[in-house]
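The values are calculated or read from the model by the stated rules, or taken from the named source; none is laboratory data. Computed from a predicted structure; not experimentally measured. Ideal geometry is used to build each Cβ from the backbone, glycine not excepted, and the neighbour counts take in all protein chains shown.
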Amino acid sequence: MHIAQVHAHLHSGEYSDLIFVEVKTSDPEVSGWGECTLPGKPHAVAGAVRDAARLILGMPIDSIRKTWETAYRHSYWRGGAVETSALSGIDIALWDIAGKVAQKPVHALLGGAVRDRIKTYANCGLSTDPMELARRAQTAIDAGFQIVKFYPLPPIEALPQTALISKVYDCCAAVRDIIGPSRDFAIDLHGRTLPHTVIAIEHAIRDLRPLWIEEPVPSEDIEALRRIRKQFQTPIALGERLFTRWQFKQVLDRGLVDIIQPDVGNAGGLSEMRVLADMAEAYHVAFGPHSPNGLLHTCASLHCAAIAQTFGALEFRPSASTNQIFNGEFPILGADGTFPLQSTPGVGLSVQASKLFLDEARVPRLAEQGIDGTPLDW
């Protein structure tokens, strides 16, 4: 059985555009699905999928490693967000096929699970309103989550502002009051802050005991990470914008991270996530996959969490409207904030292609402006 067709499918989800890859085989009854969402870049990733497909058509479906290496190395322009996302979607689809053929869930093919349930945390989204974040946190707790994460920053300018730091503190304090001392919260700064600003933020909120601060500075800025590392007590999490083992090696070698957060749909697929999980264990850091996108992405991430020895918690952002495009049974969140292991062959879900659509007006711009019109990070 070999790879016969590779197609990218685009969809407008509730929170973002979504990108799916369908791999069809020489057996009309066997196909697989992957997700490689890269918000704001759907057409670029779809083009990269087409480029990669030219390299791998006709290859055996059980040569997943060789297919990965072919798509990665033969393009000459290695890595990067767009190319590696396309590779990730194809890789996930191939593992989906492998699981279906073997009649086993993907985690069984990756060496088997080391845990019976998967701890998750709720992505509560962006807001600078303490009461709104408290409301979202309460909703998450009522659903069973024991950990919440949120983004409490307005657009950031170059100089640290006392009012900004106070606002972040107020948001964190409001959430801590709601969740109490027995649950946890984390904040995500999207790599938007300069070192002196995020050091001030961390000092202000550390007594509220955040579980981690995510992307405190751009993850590729080694010197900025080194500078804040000396000042932080709160664990540092990063990795959603790092791709493949070679980029993660840069921060792991230097001891600049406590939790790596690779994205299965962007970092290299299930094949590369297995490598990154082993690297996390070898470097004595936690492994917590980034996963705020569609349910297919979440299912793939659950398989990664199942096999990782130093797994911490998996991100999850429910979307009832987007969920309607999938076929299959998604695991049910338990009262303790965990998902059971998946038992369905393959990744666990497929996509109803006939329900997919892309509304260009809803593709996110992911851009901000300062009060003086300066383009700022989202």
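Before moving on, here are some points about what is shown:
Residue-by-condition table, conditions (1) crowded, with 24+ Cβ neighbours inside 10 Å; (2) touching a Phe, Trp or Tyr at 6+ places or on another chain (Cβ under 6 Å); (3) hydrophobic (A, V, I, L, M, F, W, C):
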| site | (1), (2), (3) |
| --- | --- |
| ILE118 | yes, yes, yes |
| GLN138 | no, no, no |
| ILE156 | no, no, yes |
| LEU159 | no, no, yes |
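- The set of residues in the stretch 289-317 that are of a type in the set (A, V, I, L, M), out of contact with any Phe, Trp or Tyr (no Cβ under 7 Å at 6 or more places or on another chain) and within 15 Å of ALA122 (Cα to Cα) contains only LEU314.
- Residue match in the stretch 316-333 (condition: outside any loop (DSSP other than H, G, I, E, B), without any contact (Cβ under 8 Å) to a residue 24 or more places away in the chain and either surrounded by fewer than 19 Cβ atoms within 10 Å (Cβ to Cβ) or not charged (D, E, K, R) (or both)): no
- Yes/no for ASP263 being in the same structural domain as VAL175 (by TED's automatic domain parsing), surrounded by fewer than 24 Cβ atoms within 10 Å (Cβ to Cβ) and among the acidic types (Asp, Glu): no
- Every residue from the stretch 209-248 that is among the basic types (Lys, Arg) and either in contact (Cβ under 8 Å) with a residue 24 or more places away in the chain or closer than 25 Å to ARG183 by Cα (or both): ARG209, ARG226, ARG227, ARG229, ARG241, ARG245
- Being over 17 Å from VAL21 (Cβ atoms), touching a Pro at 6+ places or on another chain (Cβ under 6 Å), not assigned by TED's automatic domain parsing to the domain that holds ILE92 and not hydrophobic (A, V, I, L, M, F, W, C) is a condition met by no residue of the stretch 319-329.
- Residue-level analysis places GLU220 among those that are more than 19 Å from ALA113 (Cα to Cα), of a type in the set (Asp, Glu) and either within 12 Å of the chain's Cα centre (by Cα) or surrounded by fewer than 18 Cβ atoms within 10 Å (Cβ to Cβ) (or both).
Every residue, every condition in (1) out of contact with any helix residue (DSSP H, G or I) (no Cβ under 7 Å at 6 or more places or on another chain); (2) among the acidic types (Asp, Glu), yes or no:
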residue: PRO130; (1), (2): no, no
residue: ALA134; (1), (2): no, no
residue: GLU157; (1), (2): yes, yes
residue: ALA163; (1), (2): yes, no
residue: SER166; (1), (2): yes, no
residue: TYR169; (1), (2): no, no
residue: VAL175; (1), (2): no, no
residue: SER182; (1), (2): yes, no
residue: LEU189; (1), (2): no, no
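- Taking the stretch 1-97 as the region of interest, the strands (runs of 3 or more DSSP E) fully inside it that hold 1 or more residues being surrounded by fewer than 20 Cβ atoms within 10 Å (Cβ to Cβ), among the charged types (D, E, K, R) and free of Cβ contacts under 8 Å to residues at least 60 places away in the same chain are 17-25.
- When residues of the stretch 187-204 are limited to those that are surrounded by fewer than 24 Cβ atoms within 10 Å (Cβ to Cβ), among the aliphatic types (A, V, I, L, M) and not in a helix (DSSP H, G or I), the one modelled with the highest pLDDT: LEU189
- Any hit, the stretch 135-147, residues being aliphatic (A, V, I, L, M), touching a Leu at 6+ places or on another chain (Cβ under 6 Å), in a strand (DSSP E or B) and farther than 26 Å from PHE20 by Cβ: no
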